[in-house]
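*Asks:* Could you have a look at this structure, given as structure tokens, before my questions?
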Amino acid sequence: MVIWISGPYGVGKSTLAEYMQGKMKDALIFDAEAVGNAVRDNYPDHPYGFIFEDYELWGDFCYKLIKDIHENFHKNVIVPMTLLRQNSYRIIENLRKDGIDTHLVVLEADHQTVHDRILNRGEKEGCWCMENIDLSREGTAALPGIHVATDDKSVVELYEWICNKIGILDEQRIQDSNL
């Protein structure tokens, strides 16, 4: 299974992904940002800007790496990465066409919640993420997928909600229910 977690910069994607990884059997976190940095930083002068999705090779490489990890290493793959562009949904579609159970979960929160979460993770006013809150909220809101408001939810509540929504149970949750 692949679970791609999108949402505005600072909404809590990585926090949720780390929690999910600890709860799900054979799960790993795929670092799409590392792939993006490798692609973007090898072009002279960042010709397509700073958003990874604007580099077609980023999407191609993410798709191929995720597929390879899933098929050859039999891992559930969790991808905490903001998608802003509709054409990036092709990564999800291609994984599904390959028969891989793939879900796009879009975390949502109001501007102030995202702002406060960015500050809480140690970034400063005026940082790139802070300057692009509205861009990322608008871009992710337009994506198809499972949307969930996170403003008043804990990571545990989000995990439970997502598990119920996509119909997955993991060994830990089954063990907990047998106590």
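*Asks:* If I build a Gaussian network model for the chain, linking alpha-carbon pairs within less than 10 angstrom, which residue out of R137, R85, R121 has the largest mean-square fluctuation?
*Replies:* R121
*Asks:* Could you work out the relative contact order of the chain, using alpha carbon pairs under 8 angstrom and six or more residues apart, expressed as a whole percent? Mind dumping the intermediate values first?
*Replies:* Details: 258 pairs, mean separation 63.4, N = 179.
In percent, rounded to a whole number, it is 35.
*Asks:* At 1.4 Å probe size, with the rest of the protein present, what percent of the exposed accessible area of the chain is carbon and sulfur atoms? Walk me through the numbers on the way to the answer.
*Replies:* Numbers: 4520 of 9240 Å².
On the chain, the fraction of accessible area on carbon and sulfur atoms equals 49 percent.
*Asks:* Taking a ≥ b ≥ c as the square roots of the eigenvalues of the Cα gyration tensor of the stretch 94-143, is the shape rounded (a/c under 1.5), prolate (a/b larger than b/c) or oblate? Mind dumping the intermediate values first?
*Replies:* Numbers: a/c = 2.93, a/b = 2.52, b/c = 1.16.
Prolate shape, in that a/c is at least 1.5 and a/b is the bigger ratio.
*Asks:* Can you tell me how much longer the chain between D98 and K124 gets when fully stretched, taken as 0.36 nm per residue apart minus their C-alpha distance, in nm with one decimal?
*Replies:* Details: separation 26, 0.36 × 26 = 9.36 nm, distance 4.17 nm.
Gain on stretching D98 to K124: 5.2 nm.
*Asks:* So what is the orientation-averaged projected area of the stretch 22-98, using the convex hull of its C-alpha atoms, in nm²?
*Replies:* Result: a mean projected hull area of 5.4 nm².
*Asks:* Okay, next question. Comparing F52, F73, F30, which has the greatest mean-square fluctuation in the GNM of the chain with Cα pairs linked when under 10 Å apart?
*Replies:* Residue with maximal mean-square fluctuation among F52, F73, F30: F73.
*Asks:* For the stretch 8-66, with every protein chain kept in place, what is the accessible area per residue (1.4 Å probe, Å²)? It would help to have the intermediate numbers written out before the result.
*Replies:* Details: 3020 Å² over 59 residues.
Accessible area per residue: 51 Å².
*Asks:* Let me ask something else. 5 Å is the cut-off here: which amide hydrogens, built 1.01 Å from N in the peptide plane, fall below it relative to I3, excluding neighbours closer than 5 in sequence?
*Replies:* When sequence neighbours closer than 5 places are left aside, the close amide H contacts are V77, I78, V79, H103.
*Asks:* Roughly how many debye, to the nearest 20, is the charge dipole of the stretch 35-179 about its Cα centre, given +1 on each Lys and Arg Cβ, -1 on each Asp and Glu Cβ, and no other charges?
*Replies:* On the way: 15 positive and 26 negative charges, 70 e Å.
For the stretch 35-179, the charge dipole is close to 340 debye.
*Asks:* Just to be sure I understand: with springs between alpha-carbon atoms less than 10 Å apart, which residue in W58, W128, W161 has the highest mean-square fluctuation in the Gaussian network model of the chain?
*Replies:* Greatest mean-square fluctuation among the candidates belongs to W128.
*Asks:* Which value results for Rg/Rh of the chain when Rg is the Cα radius of gyration and Rh the Kirkwood radius based on the inverse mean 1/r? Write out the running numbers ahead of the final one.
*Replies:* Details: Rg = 16.3 Å, Rh = 16.9 Å.
Ratio value, two decimals: 0.96.
The values are calculated or read from the model by the stated rules, or taken from the named source; none is laboratory data. In this text the structure is predicted, and so the values were computed from the model without any measurement. Cβ: placed from backbone, ideal geometry, glycine included. Neighbour counts: every protein chain shown. Heavy atoms of the whole protein, side chains included, go into the accessibility calculation; ligands, DNA and RNA do not. Shrake-Rupley method; radii C 1.70, N 1.55, O 1.52, S 1.80 Å.
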